[in-house]
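A.B. asks: I have a structure I would like to understand better, so I am pasting it below and will then ask my questions one at a time.
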Amino acid sequence: MSANSRAKAPSRRQFLSGAAAVGVGVAAAGTTRAADPDPLITNVQEWAQATGEGVDATPYGLPIQFEKDVVRRNVEWLTADTISSINFTPIHALDGTITPQGCAFERHHSGAIELSKADYRLMINGLVDTPLVFTYEDLERFPRENRVYFCECAANTGMEWAGAQLNGAQFTHGMIHNMEYSGVPLRLLLEEAGVKREGRWVYVEGADASSNGRSIPLEKALDDVLVAFKANGEALRKEHGYPVRLVVPGWEGNMWVKWLRRVEVTGMAIESREETSKYTDTLEDGMSRKWTWVMDAKSVVTAPSPQAPIAHGPGPLVITGLAWSGRGSITGVDVSVDGGKNWTPARLAAPGTDKALTRFYLDYNWDGSEMLLQARAKDSTGYVQPSKAQLREVRGENSIYHNNCIQTWWIKENGEAENVEVS
Ligand code: MTE
Ligand code: CO
């Protein structure tokens, strides 16, 4: 229990007089009895003695000052320079499933560029009947879809392969965001250009200096890939690819090309840097896994966790977290408080949807003792998230990417939490 919450806990005397004063019986477990009399109730507060800000004070709103800790963060030793770098979503402090753009992780290979709608062009060329160039306004005239999908960098959790390293869900699992995208199916644009019979792949690239070129099999390109221009109802933020990015549902974030400028239909994969020397996993015997596009089922407890310790004593505790799968929807999440010996099904806040984050809760009666807290996701293909040991058995320890193993938080009696590994 923190010093802060100890101060707030009611004394026995306060409890009795409080109960008598309002004529109620025993307080529900987990509620904090107010002091009697409580000046926060009995006094006219400062904020009620004058008027607040007018509606013209904030043309575009930012979070209130009390939430200033809910921000992206990077890890110093991972940040050689901020141009080719990453920062992480504060998943430990969010709830629900939608990630606000303002704190959704960013990953750039050559910095975030500023590209206006007026200067925007998208070219479709290669093995097509008619090479085409679309302006932003052209794209707006195609039939649009709205879909919620997660985007997870293949390197998410990558630092944890060899052992527990980073102390916080933001750092171990925060290379993920989940937004509602509005955009045009890539299929419609490809149909407009007419894909030649020899077309098997598309090569997609961005307008930034890195271009981040990637090959995508035509089958996927014609399936659920979106050319998106809005996220969570508003224009994409600069850092997420304004004005247009590719959304490649369930597949590694690197393929979600930002500032999308060109889609070339090809007969073969291009084998670019980003799909050979990078975003490929080297196994124990030195062989590499090729084409590891789909992000397997994964979950993490977001609270309690190292950056979100338990701030109260024993009794009701909401254990919560996120689960997702690039192969379909989440069908269940189990939670263990003893390092994976016993599992309890968690409650899904809403039924899992295709390739999107699912929020889970376990409404738990904490007895105040230590816990080894874990979550384990199951998806609609029947796949069950593996333990770290199971994953290492197959993949060794040389990998950087595609670590979807079960995470453990050691919750101490004082409510603090630490990233640990259990065998
Ligand atoms: N697209 C371009 N053009 N340039 C980039 O550097 N980074 C990729 C991908 N698309 C990148 C890009 C990587 S590695 C990831 S994980 C996602 O964008 C991250 O998207 P975000 O910055 O919106 O979170
Ligand atoms: Co990435």
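The values are calculated or read from the model by the stated rules, or taken from the named source; none is laboratory data. Please read all numbers here as calculations on a predicted model, not as lab measurements. Heads up, the Cβs are rebuilt from the backbone with ideal geometry, glycines too, and the neighbour counts pull from every protein chain shown. The accessibility values were calculated without ligands, DNA or RNA, using every heavy atom of the protein model including side chains. Shrake-Rupley method; radii C 1.70, N 1.55, O 1.52, S 1.80 Å.
A.B. asks: So which residues in the stretch 237-288 are over 23 Å from residue 223 (Cα atoms) and either hydrophobic (A, V, I, L, M, F, W, C) or in contact with a His (Cβ under 8 Å, 6 or more places away or on another chain) (or both), if there are any at all?
C.D. replies: Within the stretch 237-288, 239, 281, 283, 287 qualify.
A.B. asks: Let me ask something else about it. Could you list all residues from the stretch 91-116 that are in contact with an Asp or Glu (Cβ under 8 Å, 6 or more places away or on another chain) and away from ligand 1 (no atom under 13 Å from the Cβ)?
C.D. replies: 93, 98
A.B. asks: Determine whether residue 212 is within 25 Å of residue 110 (Cβ to Cβ), at pLDDT 95 or above, within 16 Å of ligand 2 (Cβ to nearest atom) and part of a loop (DSSP other than H, G, I, E, B).
C.D. replies: Yes.
A.B. asks: Let me ask something else. Quick check, is residue 194 surrounded by fewer than 21 Cβ atoms within 10 Å (Cβ to Cβ) and within 15 Å of ligand 2 (Cβ to nearest atom)?
C.D. replies: So residue 194 fails the test.
A.B. asks: Look at the stretch 259-290 and say how many of its residues are more than 16 Å from ligand 1 (Cβ to nearest atom) and either modelled with pLDDT of 95 or more or of a type in the set (Phe, Trp, Tyr) (or both).
C.D. replies: 5
A.B. asks: Here's something else I'd like to know. Tally time: how many residues in the stretch 180-209 are outside any helix (DSSP H, G or I), closer than 15 Å to residue 244 by Cα and in contact with a Leu (Cβ under 9 Å, 6 or more places away or on another chain)?
C.D. replies: Going through the stretch 180-209 one residue at a time, the tally reaches 10.
A.B. asks: Going by the structure shown, is residue 239 within 14 Å of ligand 1 (Cβ to nearest atom) and either in a helix (DSSP H, G or I) or among the acidic types (Asp, Glu) (or both)?
C.D. replies: yes
A.B. asks: Continuing with the same structure: Could you please find all residues in the stretch 95-114 being away from ligand 2 (no atom under 16 Å from the Cβ) and open to solvent by less than 40 Å² (accessible area, probe 1.4 Å)?
C.D. replies: Across the stretch 95-114, the qualifying residues are 96, 101, 103.
A.B. asks: Please verify whether the stretch 65-84 includes one or more residues that are open to solvent by less than 50 Å² (accessible area, probe 1.4 Å), touching a residue at least 12 places away in the same chain (Cβ under 8 Å), more than 16 Å from ligand 1 (Cβ to nearest atom) and not in a loop (DSSP other than H, G, I, E, B).
C.D. replies: The answer is no, given that none of the residues of the stretch 65-84 is open to solvent by less than 50 Å² (accessible area, probe 1.4 Å), touching a residue at least 12 places away in the same chain (Cβ under 8 Å), more than 16 Å from ligand 1 (Cβ to nearest atom) and not in a loop (DSSP other than H, G, I, E, B).
A.B. asks: Another question, if that's okay. Identify, please: which residue in the stretch 115-159 is crowded, with 20+ Cβ neighbours inside 10 Å, assigned to a loop (DSSP other than H, G, I, E, B) and of a type in the set (Ser, Thr, Tyr) and is, among those, farthest from ligand 2 (Cβ to nearest atom)?
C.D. replies: This residue is 120.
A.B. asks: Please identify the pairs in which a residue from the stretch 47-62 that is within 26 Å of residue 103 (Cβ to Cβ) has its Cβ atom under 9 Å from the Cβ atom of a residue that is of a type outside the set (Asp, Glu), counting only partners at least 6 apart or on another chain.
C.D. replies: These pairs meet every condition: 62/102.
A.B. asks: Taking the condition within 16 Å of ligand 2 (Cβ to nearest atom), on the phi < 0 side of the Ramachandran plot and touching a Gly at 6+ places or on another chain (Cβ under 7 Å), does residue 301 pass?
C.D. replies: no
A.B. asks: Let me ask something additional. Being among the aromatic types (Phe, Trp, Tyr) and open to solvent by less than 10 Å² (accessible area, probe 1.4 Å): is that true of residue 171 here?
C.D. replies: Working: among the aromatic types (Phe, Trp, Tyr): yes; open to solvent by less than 10 Å² (accessible area, probe 1.4 Å): no.
So residue 171 does not fit the description; no.
A.B. asks: Kindly provide the set of residues from the stretch 391-423 that are aliphatic (A, V, I, L, M) and in a loop (DSSP other than H, G, I, E, B), ordered by number.
C.D. replies: 400, 406, 422
A.B. asks: Check off (1) more than 9 Å from ligand 1 (Cβ to nearest atom); (2) touching a residue at least 40 places away in the same chain (Cβ under 8 Å) for residue 256 and give me the number that stays unchecked.
C.D. replies: Residue 256 satisfies all of (1) more than 9 Å from ligand 1 (Cβ to nearest atom); (2) touching a residue at least 40 places away in the same chain (Cβ under 8 Å) except (1).
A.B. asks: Something else about it: If you scan the stretch 343-367, which residues turn out to be touching a residue at least 60 places away in the same chain (Cβ under 8 Å), among the hydroxyl-bearing types (Ser, Thr, Tyr) and open to solvent by 20 Å² or more (accessible area, probe 1.4 Å)?
C.D. replies: 353
A.B. asks: Is it the case that some residue within the stretch 204-214 is of a type in the set (Val, Ile, Thr), crowded, with 19+ Cβ neighbours inside 10 Å and more than 13 Å from ligand 1 (Cβ to nearest atom)?
C.D. replies: There is no residue in the stretch 204-214 that is of a type in the set (Val, Ile, Thr), crowded, with 19+ Cβ neighbours inside 10 Å and more than 13 Å from ligand 1 (Cβ to nearest atom).
A.B. asks: Also, quick follow-up: Residue pairs, Cβ under 6 Å, 6 or more apart or interchain, first in the stretch 134-157 and more than 16 Å from ligand 1 (Cβ to nearest atom), second assigned to a loop (DSSP other than H, G, I, E, B) and open to solvent by 40 Å² or more (accessible area, probe 1.4 Å). List them.
C.D. replies: 136/117
A.B. asks: Continuing with this model, one more query. Applying the selection to the stretch 368-403, what residues are over 21 Å from residue 339 (Cβ atoms), open to solvent by less than 70 Å² (accessible area, probe 1.4 Å), more than 20 Å from the chain's Cα centre (by Cα) and at pLDDT below 95?
C.D. replies: Correct list: 395, 396, 399.
A.B. asks: Right, another one. Within the stretch 330-337, can one find any residue that is within 17 Å of residue 305 (Cβ to Cβ) and open to solvent by 10 Å² or more (accessible area, probe 1.4 Å)?
C.D. replies: Yes, there is a match, as at least one residue in the stretch 330-337 is within 17 Å of residue 305 (Cβ to Cβ) and open to solvent by 10 Å² or more (accessible area, probe 1.4 Å).
A.B. asks: Related question: Scan the stretch 266-297 for residues that are of a type in the set (D, E, K, R) and either exposed (fewer than 15 other Cβ atoms within 10 Å of the Cβ) or not in a loop (DSSP other than H, G, I, E, B) (or both) and jot them down.
C.D. replies: Scanning the stretch 266-297 gives 271, 273, 274, 275, 278, 281, 284, 285, 289, 290.
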